[in-house]
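Q: Provided herewith is a single structure, encoded as structure tokens, for subsequent inquiry.
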Amino acid sequence: MPFVSLILAAAMGSPPVHWPTKGWTSSTPAAEGMDAAALDALDRELAAGKSGYVDSMLVIRHGKVVYEKTYDHSADYRRLFAGKGAPGIYNYYDPGWHPYYRDTRLHTMQSVSKSVTSALIGIAIGRGEISGVDAKVMPFFVDYRIPDPDPRRDWMTLRDVLTMRAGIRWDEESAEYTDPRNNCAAMEASDDWVRYVLEQPLAADPGMMFTYNSGATELLSYVLAKATGKPADEYARERLFAPLGIEFFWKRTPKGLADTEGGLYLSPRDLAKIGFLYLHDGVWDGRRILPEGWVRDSTREWTKTNQPAYGYGYQWWTSGEAGAFIAWGYGGQLLIVVPKQDLIAVFTGWNIYDHPELEPRDALIRVLASVR
């Protein structure tokens, strides 16, 4: 922490921040104002399988790890993977790719990748590589010839894409992600994901209607590559992950773009660093990573969603419970941040089989209940 910040922290009676670049410090629930018994009760339920296949639980308060558990479902996954098609990077039943990356502890993040991609857009805006969220989207795609001449495409802004209001006709909710009728699954089976997305017709004026659309997030991968001259994963390594001390793997599409809609792999502790960055307004150990105001704008409710308990910001879900915001990925990947309580909770899992995934609001309420 910078010297001036140390003086301010001392004057305000608060301890200096320990930045977990090289690792988190540990504490106990009681020392950080939390009820260990309440967390133990949640742990017992997760271990008993009441929320399906949860792989990990991590709770951090006041910048310290206060509770951490892992759950071994390897035998379940071997059974469930058996006979589920040819192996492959986008076969969700391939044990080489899901839920862990090639026998490492890097866990698939799925759509938590979207929230990290939002951070990269913010970084690029802060560096002047993108003019702002009101920049028009289609000028980035001049190399693509779009068969549908709908003039409304030219209205689409980065803000529309970030808030899932691109207007593109898309359905990835009425069929499972393993079903080719799902637009996301069809995109992942195509050779050119960007072309697939751009060739979908518009169903609404951009900016008017929320439609959850992983393809729209993949457009951001192309935008980042065009604006910065680097694939999004390389840009992330340099501008986000290296400063935070994060180890990662990020899938690429057949055309070599980072899979920004769902291809990121992180450990739970490193995912929590993203939450810690957002708790501190995008500043890390005295260095501004995200432009001022980006966290505020990213985590406010810009639109209602088709899920009544949640709003949506810039690729982040918002909740009315204690002002929390959530990065939420298929199969049970959760990064829950509660600024008012200086609290971060991370859950990973792989509930794509015969159990529903851990519901974010339920996880949030249970963790909040442990705060004294």
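Q: Which percentage, to the nearest 5, of the DSSP beta bridges contained in the chain is antiparallel?
A: So the antiparallel bridges in the chain amount to around 95 percent.
Q: So how far, in whole Å, is the C-alpha centre of the stretch 279-337 from the one of the stretch 12-61?
A: Value for the Cα centre distance between the two parts: 20 Å.
Q: Under the Kirkwood approximation for Rh and a Cα-based Rg, what ratio Rg/Rh is obtained for the stretch 3-368?
A: Reported Rg/Rh, Kirkwood definition of Rh: 0.96.
Q: Taking springs between alpha-carbon atoms closer than 10 angstrom, which of Ala204, Ala236, Ala272 fluctuates most in the Gaussian network model of the chain?
A: Ala204
Q: With unit charges on the beta carbon (Lys/Arg positive, Asp/Glu negative), name the residue among Asn182, Tyr310, Phe249 whose Cα is farthest towards the positive pole of the charge dipole of the chain.
A: The listed residue farthest towards the positive side: Phe249.
Q: Applying 1/(1 + (r/R0)^6) with R0 = 25 Å to the Cβ-Cβ distance of Glu45 and Asp171, what FRET efficiency is obtained, to the nearest 0.05?
A: Plugging the Cβ-Cβ distance into 1/(1 + (r/R0)^6) gives 0.15.
Q: A 26 angstrom limit on the alpha carbon distance is what I want to check against. Which of Lys64/Lys230; Lys226/Lys251; Lys22/Lys255; Lys69/Lys340 exceed it?
A: Cα-Cα > 26 Å for Lys64/Lys230; Lys22/Lys255; rest within.
Q: Here is a further query. Over what distance in Å are the Cα centres of the stretch 202-251 and the stretch 75-149 separated?
A: Rounded to whole Å, the Cα centres lie 8 Å apart.
Q: Taking neighbour counts of Cβ atoms within 10 Å as a proxy for exposure, in what order, fewest first, do Lys22, Lys136 appear?
A: Lys22, Lys136
Q: Go through the stretch 166-228 and name the trypsin sites (Lys or Arg not before Pro) that are in a DSSP coil and have 14 or fewer other Cβ atoms within 10 Å of their Cβ.
A: Filter output for the stretch 166-228: Arg169, Arg181.
Q: Pick out the long, greasy-scoring helices in the chain: whole DSSP H runs spanning 18 Å or more along their own axis by Cα, mean Kyte-Doolittle at least 0.0.
A: Membrane-span-like by this criterion, though nothing is claimed about a membrane: 112-126, 214-228.
Each reported figure results from applying straightforward, stated rules to the coordinates on display, with no laboratory input. What you see is a predicted model; the values in this text were computed from it and never measured. We place every Cβ from the backbone using ideal geometry, glycine too, and count neighbours over all the protein chains shown.
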